[in-house]
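The next block holds one structure in the form of structure tokens; read it before the comments.
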Amino acid sequence: MEGFLNIAWLVPIPTFLAFVAIILFLNGNKTVSALTAILGAGFGFLLSWPIAFVAFTTDLFGEHPVYGELYRIPTGTVDLIIGYQVDPANALMLFMVSFLLLMIFIYASGYMTFPGHLNPELYPVSYSQGRDPRYSRFMAYISLFATGMLGLVVSNSLITFFVFWEIMGLCSYLLIGFWYEKPTARDAAVKAFFTTRVGDTIMFIGMMLLYFKSTPSSLHFNEVLRMENLEHLAQQMVTVPVLNLTVPWIALIAVLIFFGTVGKSSQFPLHVWLPDAMEGPTPVSALIHAATMVSAGVFLLVRMFPLFYAAGEASPGTMHFVAFIGAFTAIFASTIAVAQWDIKRVLAYSTISQLGYMVAAIGIGAYVAALFHLLTHAFFKALLFLGSGSVIHGVEHGFHHAHTHGHDAHEDTVSEEGHVVAPLLIVRPDGALNPTDAQDMRNMGGLLSRMPITGWTFIIGGLALSGFPLLTAGFWSKDEILASAWYGENIWVFVTLAVAAFLTAFYTARQIGLTFLGKPRTEGAVYAPESVRSMTWPLILITPFAIALGWIGIPASFPGLGGIVPNWLEHFLEPYIEYQGFHVAHPEFNIVPLATSLVVALGGLLVGFLVYGRGLAVGQIDPLRRLLGPIWVLFYNKYYVDEFYRYTIIPFTIGLSKFLYWVDDLWVIDPIVNGIGRVTVWLAGFWAAFDLFVVDGVVNGFARVSDRMGRVLRTTQDGHVQVYLLVAVVTVTVWLLLKAMPIILTLV
């Protein structure tokens, strides 16, 4: 069976071939482009799941992961091996990523058919056909995005990991700004690209240090993560000049690599790009938040966990730093989410918070819990984002229906169910409202009756996100993290994450109440239809995973349920953990974390439904806004972090760039270079003259003398015997005189 795993290198190929085919040959046929993209994702799925289930059902990792070599690139000292790797961690990722990619591709084929965002005057043909004008290009981009994630998952080294990592960075830029006619979309794409580049650059520095300091120099996972190499890195010390600290090399390298996760997984302070990334089409949001981009950041920590574990042993501050960033981000993003109106931005801040959970889990050494929550979160967050896209589609259709049937937005209208919808142009003191914004939850309400499949699947995903006890996957993975924090006596992490979990349940209930409950508040909500089957079927197929996936990780010591369903996840990962040379403690059952999980989940949902269970009346101020006052405004404005960057970091960067331009072009570098150039030109002229008048003069002088002598001697070679005889006599005479000269001089 191990031989079957050797086809893992094929996993990213189908989606890449789909990308190439659409770009080069199929761009003109939108239907065929969509089918090609779906087939590419389907073949990737058909390759990934057999590989994953072979790994799940056979004991192949007791000694080592499965490695494969495709070809070598000579690098001078150590060859770079391009290949693949299959182990328990990426087998789980293949199971999750390939399925969600296929679901999102199918969903996208339907989502991109209603161009509600388009201006019919600019795109009359596409609008009439019901297709985005760049439909084929979108399918090509998401195929390349999928290639990046699948290639990253099966990579055998940090260098190929980084290549696919950067492919995803490129695709996020292209897809976030896909509707580049919108200035906000263009700005969001640039913001995402530059923000993540900060983390990637720091990460690359860490990779290079890891390469040069490892013995032997390498970036292959099976070599750099060996305990001998990690101990070697832990014994070498380096002084950090800025902080005046002496730390092991392994600690510095781990922190630098961690910044790749901070950027890609949108952790504080590089979190600012992810909410703005909602400017892209909703399938892109689902790809970024569930199946590809941000999952890659946490997977980097999972893949490199032995490095972080050893760094924590050598310098405990390393893991404390990781745990602090994760825990702080979790609660920081949760507070912002409670005050947002955009349905996708609430989910974006929710993702940032949940990623903080995973990062904090890595920071406290809870490897299994972090990977467990990464898997469960991917499924229910994909469900929520796809559900939000379905809602947006429905509301856009509703507004489109109202517009085409001539409803006046300035007058009260009566829906088909008899609901009275008040005038849409409302001025609110708790944030500007666009009365036709299909993403603003204030323009929704009552959608559960209009969109039952979307509504109920979204509610199930929301309950999983909230950690609804026992029945949802989110409860088991969150509880595992809280139990690990309590067991490891990381009380500050435990308390912080518990508060964040309460806020998560609260803003999820708020989102469900504002969107699906109560009465419709706009015509868009009144006339919203259920989405097409290509959008609803993926929701239905993902829903069971949002419920049942958590059952694979029920602790054996859990009261009542423990042992009924074996803790398969822990048993599956245990041999690989032991192979990697580190030990992950299994939290013993304690009533405190369990009670905390129950209280924060049920309490947050209860409070949220008490406040928002009936939705909001038209024009009503958010009750939380009245309660918190300026604190709510602080949450609503995201702690003014973006403004802080806009007025500090960005001007500083621009000013530094201008200063360096002056230094380079006006003051120092260019003047020096130009001066050296002028001196060089003058010296070249001097040496040219020296060559012309001295060197060439001497050579030419010798040539002239030789020429004259040649002319004289040439007269002696005219063919007459008497001339030759005369030359011979003269020559002998001269020779005799030269011989006799010393004797003559002596006699004289």
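A few points about this structure:
- For the chain, the share of accessible area belonging to carbon and sulfur comes to 69 percent (1.4 Å probe, ligands and nucleic acids excluded).
- Beta bridges from DSSP with both residues in the chain: antiparallel share about 95 percent, rounded to the nearest 5.
- Taking each of K191/K344; K182/K519; K30/K344; K191/K658 in turn, the alpha-carbon distance tops 25 angstrom for K182/K519; K30/K344.
- Between the range 632-691 and the range 341-374, the alpha-carbon center distance in angstrom: 40 Å
- In plain terms, the C-alpha convex hull of the range 679-724 casts an average shadow of 3.5 nm² when viewed from every direction.
- Rounded to two decimals, the Cα-based Rg/Rh of the chain, with Kirkwood Rh, is 1.24.
- Each label point was placed 7 Å from the Cα along the Cα-to-Cβ direction; for F589 and L692 their separation is 10.0 nm.
- Tail fraction, Cα-Cα pairs, the range 595-748, threshold 29 Å, whole percent: 72 percent
- Derived value for the range 212-295: Kirkwood hydrodynamic radius 15.3 Å. Basis is the mean of 1/r over every pair of different alpha-carbon atoms.
- Extended-chain gain in nm, criterion 0.36 nm per residue less alpha-carbon gap, V20 and V663: 227.1 nm
- In this view, the solvent-accessible surface of I547, computed with a 1.4 Å probe and all protein chains in place, comes to about 60 Å².
- Helices in the chain, meaning DSSP H runs of at least 4 residues, each add -39500 (n - 2.57). Divided by all residues, the mean residue ellipticity at 222 nm is -21500 deg cm²/dmol.
- Across the range 3-93, Cα-Cα pairs farther apart than 16 Å form 63% of the total.
- Of the residues F268, F56, the one with the largest accessible area comes first in the ranking F268, F56, computed with a 1.4 Å probe on protein heavy atoms.
- In this structure H720 has an accessible area near 100 Å², from a 1.4 Å probe over the protein heavy atoms.
- Pairwise label distance in nanometres, E231 with A548, each label 7 Å out on the Cα-Cβ vector: 4.6 nm
- Cα long-axis angle, helix 183-213 against the chain (0 to 90 degrees, to the nearest 10): 60 degrees
- Solvent exposure of the chain, expressed per residue, is 42 Å² of accessible area, with all protein chains present and a 1.4 angstrom probe.
- Packing here is the average count of other Cβ atoms within 10 Å per residue, and on that basis the peptides 181-193, 444-456, highest first, run 444-456, 181-193.
- Overall form of the range 145-206 per C-alpha gyration tensor (a/c, 1.5; a/b vs b/c): oblate
- Cα shape, the range 698-748, gyration tensor, a/c 1.5 rule: oblate
- GluC sites (Glu not before Pro) restricted to the range 560-625 and DSSP loop, no more than 13 other C-beta within 10 Å: E588
- Paramagnetic reach from K739 in the range 711-730 [backbone N under 20 Å; point 7 Å along Cα→Cβ]: 725-730
- When the square roots of the Cα gyration tensor eigenvalues are ordered a ≥ b ≥ c, the ratio a/c for the range 491-632 is 1.5 or more and a/b does not exceed b/c, which makes its shape oblate.
- Electrostatic dipole magnitude of the chain [Cβ: Lys, Arg +1; Asp, Glu -1; Cα centre; debye, to 20]: 1320 debye
- Between helix 591-612 and the chain: long-axis angle, C-alpha atoms, 0 to 90°, nearest 10: 70 degrees
- Averaged over residues, the count of other Cβ atoms within 10 Å places the peptides 309-317, 346-354 in the sequence 346-354, 309-317, highest first.
- Segments 373-382, 607-616 sorted - mean Cβ within 10 Å per residue, highest first: 373-382, 607-616
- Here the calculated FRET efficiency for V599 and E181, from their Cβ-Cβ distance with R0 = 41 Å, stands at 0.30, rounded to the nearest 0.05.
- Leading residue at positive end of dipole, the chain (Cβ point charges), from I591, L39, L573: L39
- Two-site label geometry, D79 and R711: point separation in nm, points 7 Å out along Cα→Cβ: 7.2 nm
- Positive-end ranking of G553, A52, A189 along the dipole of the chain, with charges on Cβ about the Cα centre, is headed by A189.
The values are calculated or read from the model by the stated rules, or taken from the named source; none is laboratory data. Not measured: the values here are computed from a predicted model. Cβ coordinates were reconstructed from backbone atoms using ideal geometry, including for glycine residues, and neighbour counts include every protein chain displayed. Note: areas computed on protein heavy atoms with side chains; ligands, DNA, RNA excluded. Shrake-Rupley method; radii C 1.70, N 1.55, O 1.52, S 1.80 Å.
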